[in-house]
Amino acid sequence: GDFLGLQSAYARGYRRARTLGNVAAQIDYLSNLGTARMLLLHYAPALEAYQEASALAERSGDWSALGGIAVNLALIYQRMGDANAALSALERGKAAIDRLRTPPAYEAQLLMRLRSVRAALQENPAERPYIEPRYQDAIEAARQTSDPEAEAAAWDLAGEEEIAAGDLKDAEISF
């Protein structure tokens, strides 16, 4: 629970990794620094750390890190009330993980958050006037990465969406 201590440790680790030219470590430390700041509810500094980590990951071609950072970026943007920025971050993250040969363990979470943000934006048709498929891609990703908790969460989200659409039969199947 010592998030200030973690923030300090990650900042020191980042500076050391930068001195040594270790880009992978810089990305990890910046991402962890962003998380520590987010847990302290310091959203602007957290956003700054995640954006810097994202830029490093993109420049170095670390698609897995870029996808994982996108999930955290989207969370910050959502907490700051910017669903369009969250969607943009998640779409960049999805494009990054699509470049990987093996899906990352967090793929289902990224897909669920992507679907959730898209659904929220669909409530205002002027902002996002398209229909997105239900949570099948997140369910499949969870199966491929053997993540039963993520699969169950995706099925629950699908069921909730089906209830909202008045499709009780499919909702029962999903649940």
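The values are calculated or read from the model by the stated rules, or taken from the named source; none is laboratory data. This one's a predicted model, so the numbers in the text were calculated from it and none came from an experiment. For neighbour counting, all protein chains shown are included, and Cβ atoms are generated from backbone atoms with ideal geometry for every residue, glycine included. Note: accessible area is taken over every heavy atom of the protein model, side chains too, but ligands, DNA and RNA are not part of it. Shrake-Rupley method; radii C 1.70, N 1.55, O 1.52, S 1.80 Å.
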Query raised in the report: Which condition breaks for Gln51 when tested against (1) assigned to a helix (DSSP H, G or I); (2) surrounded by 18 or more Cβ atoms within 10 Å (Cβ to Cβ); (3) under 15 Å from the mean Cα position of the chain (by Cα)?
Result: (2)
Requested in this report: State all residues of region 64-117 that are among the basic types (Lys, Arg), open to solvent by less than 30 Å² (accessible area, probe 1.4 Å) and farther than 24 Å from Glu161 by Cβ; if no residue qualifies, say none.
Outcome: none
**Report entry** Some residue of region 26-45 being open to solvent by 60 Å² or more (accessible area, probe 1.4 Å) and among the hydroxyl-bearing types (Ser, Thr, Tyr)
**Finding:** yes
Report task. Out of Ser64, Ser60, Ser8, report the one residue that is over 26 Å from Leu121 (Cβ atoms), under 14 Å from the mean Cα position of the chain (by Cα) and polar (S, T, N, Q). Result -> Ser64
Query raised in the report: Taking only pairs six or more apart or across chains, which ones have beta-carbon atoms under 8 Å, a first residue in region 14-38 that is at pLDDT below 95 and of a type in the set (S, T, N, Q), and a second residue that is part of a loop (DSSP other than H, G, I, E, B) and buried (at least 23 other Cβ atoms within 10 Å of the Cβ)?
Result: none
Query raised in the report: From the list Ala46, Ala57, which residue is part of a helix (DSSP H, G or I), of a type outside the set (Lys, Arg), touching a helix residue (DSSP H, G or I) at 6+ places or on another chain (Cβ under 9 Å) and more than 22 Å from Leu100 (Cα to Cα)?
Result: Ala46
